[in-house]
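In what follows, a single structure is set out as structure tokens and then discussed.
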Amino acid sequence: MKRRALALMLAGVMTLSLAACGSSSNESASGTATETASEAATETAAETGEPAVESELVDGKFTETRHITVEVYDRGNDGGSDPTDNMYTEYIKQGMLEDHNVEVEFVKVPRWTEVEEINNLLAAGTAPDICLTYSYPTIQTYADMGGVLDISSYVEDYKDDLPNLWDWLGETNIYWDVDINDGTLWAIEGKIADNSRINTFIRKDWLDALGLEVPTTKQEFEDVLIAFRDNASALLGDDASKMIPYSVSYDVGWRTATLIESFIDPGISDKEFFVNGFDDRKLTQNGTKEAIELVNKWYNEGLMWDDFALYGSGDTTEDDNMKAGYVGAFTHNWDYPFRNGEDSINANLQRNVGEEAAFIAIDPFEDSNGTHTKYVSSTAGDRKIFFPSTNDEPLASMLYLDWISDPEHIQYLQIGDEDVTHTVLESGAIQIVAATGDAIQNSGMNIDYTITCNGLHLADEEITDLSRAYSYAEVDPALVQDAYKIAQTDAVPAKNVKTDTIEAELNIGDTLSNKRDQLLDQAVIASTSDFSDVWDSLMADYLNAGGQAIIDERTEKWEAQFGSSDMLP
């Protein structure tokens, strides 16, 4: 009955916001008042005068078997394992049954159409018991309609039964999204273990072939792109017409992130960053227009992939161009060319071009201070884990989150079995090796299963540090080390700005995200003379469609919370 009633309530809501990515955008719904939130939740419990809930568990286990469903991404990897039935899902299922007498069933959701699928499942009342998303406004919208469980009482009342969850996430992540007024808690934030985000990569063998140094500034980077373009025949021979000096995708905001951030004032106030921070591509931040104007110049000078705007999310054409050896440089997730073992970009390059072919990480986008500011998520800027109100097993679901937060369980899910998915080096470092069959990990370090942990986190911190560079099969560890160091250089973690709910952000995410992508794509491909007019016209449309209302309300909510101060206390 509960599922049917909820389905009727939510049936008309099918187009709510879920941020595309990849990543993540907790810069937009963030907060600093963890201690205040925790105190509020504690006070709320104290005011009721009710005793702690008597545990349903005996030695950590239910006396009768419970059953829960858990969302897992289906990434559609060629040659990948079944995301609902493989070595890792069996490990989780057996462990949960043995330790807690809970049966676990995985429900796959297509990663690249997650927006539509999650909305459909929630509206129909058939969503998995444990769901995750990068978009908190989506959760808030369904919560306002009674479609999401308030889990504040569970994290408190069963705290003694959730030691791993509390040890790993702590109050910061657990209470990141708590409501500052009533203490409701609709979601728990997963933790980012490796807080790295974006890097720019360049073909080292092409630099060597042309006698060029690694570029360290925007101008040097542009000069290298010109050299690639002008020497296409020398670099690609008969395939010279396929030359792509610099590649981005339709998602220009994500794929030029560090360039955009280099145009933002490094001394930007917390208020300004928050007011314009609802879009993690930083569309309305001061400096973004100037950054995209530079990209527009590069496009019109033949330094970029002509057809980037034609290929949407999940399309492999761009990666195929990189693997075939046609691309000179690109900006993407910090470890992108190293992912997927034998099918990684660098591994394919070496097979298709030669052993010397490789992308290396560089740091060419200086800001006005001469540094390389990179705005990264906080450790709480990962996926938001929530329970739909159709979840009849919230305690079993909390125990699941605790179980996968156990350091030993995280370690197994990330590295698997020795001599199957990894080897142990003399130093103690774990080196990942290419897996086959149901041992294949469909996501880097199996983050689709370690949903409370994003990034390498082994049981021993020292071994974790030693192993990071060896976490990618078929990749030179030195390349990974360099990429990680660059991604961490001048990194600025997001701050948690706690205000009342920004009502203008609800039900608008998809609309604005689509308009943002169209704006950026069209601005890049516009003629140089038309750039400013195209930008201004499409920005006006974006603001009229809801962007300005969000900016105005964020300004109002900031001032209500922090008064005339431009900086967080």
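The values are calculated or read from the model by the stated rules, or taken from the named source; none is laboratory data. Note that the structure is a prediction, hence the values are computed from the model and not measured. In this analysis, Cβ positions are derived from the backbone assuming ideal geometry, glycine residues included, and neighbour counts consider all displayed protein chains. Just so you know, the surface numbers come from the protein's heavy atoms only, side chains and all, with ligands and any DNA or RNA stripped out. Shrake-Rupley method; radii C 1.70, N 1.55, O 1.52, S 1.80 Å.
Scanning segment 317-343 for residues that are outside any helix (DSSP H, G or I) and at pLDDT 95 or above gives Gly325, Tyr326, Val327, Gly328, Ala329, Phe330, Thr331, His332, Asn333, Trp334, Asp335. For segment 109-133, the set of residues classified as closer than 19 Å to Tyr88 by Cα, open to solvent by 10 Å² or more (accessible area, probe 1.4 Å) and either out of contact with any Phe, Trp or Tyr (no Cβ under 7 Å at 6 or more places or on another chain) or in a loop (DSSP other than H, G, I, E, B) (or both) consists of Pro110 only. Given segment 223-278, what helices (runs of 4 or more DSSP H) lie entirely inside it while holding 2 or more residues that are open to solvent by 20 Å² or more (accessible area, probe 1.4 Å) and under 21 Å from Asp320 (Cβ atoms)? Filter on segment 223-278 gives 232-236.
Among the numbered conditions (1) farther than 30 Å from Ile188 by Cα; (2) touching a helix residue (DSSP H, G or I) at 6+ places or on another chain (Cβ under 9 Å); (3) surrounded by fewer than 21 Cβ atoms within 10 Å (Cβ to Cβ); (4) modelled with pLDDT of 95 or more, the only one that Ser427 does not meet is (4).
Residues in segment 316-346 that are touching a Lys or Arg at 6+ places or on another chain (Cβ under 6 Å) and of a type in the set (A, V, I, L, M): Ile345 only.
The combined condition, being more than 30 Å from Gly302 (Cβ to Cβ) and either open to solvent by 30 Å² or more (accessible area, probe 1.4 Å) or among the β-branched types (Val, Ile, Thr) (or both), is not fulfilled by Val524. Candidates Ile508, Ile486, Ile502: the one that is in contact (Cβ under 8 Å) with a residue 40 or more places away in the chain, closer than 18 Å to Thr133 by Cα and β-branched (Val, Ile, Thr) is Ile508. For segment 163-180, residues that are in a helix (DSSP H, G or I), open to solvent by 40 Å² or more (accessible area, probe 1.4 Å) and within 17 Å of Lys495 (Cα to Cα) total 2. For the criterion of being modelled with pLDDT of 95 or more and either within 24 Å of Asn86 (Cα to Cα) or surrounded by fewer than 16 Cβ atoms within 10 Å (Cβ to Cβ) (or both), Asp482 fails. Taking the criterion of being open to solvent by less than 60 Å² (accessible area, probe 1.4 Å) and not charged (D, E, K, R), the residues of segment 493-517 that qualify are Ala494, Asn496, Val497, Thr499, Thr501, Ile502, Ala504, Leu506, Ile508, Gly509, Leu512, Ser513. The set of residues in segment 331-372 being over 22 Å from Asp239 (Cα atoms), of a type in the set (Val, Ile, Thr) and open to solvent by 40 Å² or more (accessible area, probe 1.4 Å) consists of Thr371 alone. Residues considered: Thr284, Thr379. Of these, the only one that is in contact with a Lys or Arg (Cβ under 6 Å, 6 or more places away or on another chain), in a loop (DSSP other than H, G, I, E, B), open to solvent by 10 Å² or more (accessible area, probe 1.4 Å) and not small (Gly, Ala, Ser) is Thr379. For the structure I just gave you, tell me whether Ala187 is touching a helix residue (DSSP H, G or I) at 6+ places or on another chain (Cβ under 7 Å) and either at pLDDT 95 or above or surrounded by fewer than 22 Cβ atoms within 10 Å (Cβ to Cβ) (or both). The answer is yes for Ala187.
Residues that are in contact (Cβ under 8 Å) with a residue 24 or more places away in the chain, touching a strand residue (DSSP E or B) at 6+ places or on another chain (Cβ under 9 Å) and of a type in the set (Gly, Ala, Ser): which helices (runs of 4 or more DSSP H) entirely in segment 392-471 hold 1 or more of them? Answer list for segment 392-471: 394-403, 461-467.
Residues checked against (1) more than 30 Å from Leu568 (Cβ to Cβ); (2) among the charged types (D, E, K, R):
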{"residue": "Thr450", "(1), (2)": "yes, no"}
{"residue": "Cys453", "(1), (2)": "no, no"}
{"residue": "Pro477", "(1), (2)": "yes, no"}
{"residue": "Gln481", "(1), (2)": "yes, no"}
{"residue": "Val497", "(1), (2)": "no, no"}
{"residue": "Glu503", "(1), (2)": "no, yes"}
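Of all residues in segment 61-80, those satisfying the criterion of being modelled with pLDDT of 95 or more and farther than 18 Å from Arg383 by Cβ are Lys61, Phe62, Thr63, Glu64, Thr65, Arg66, His67.
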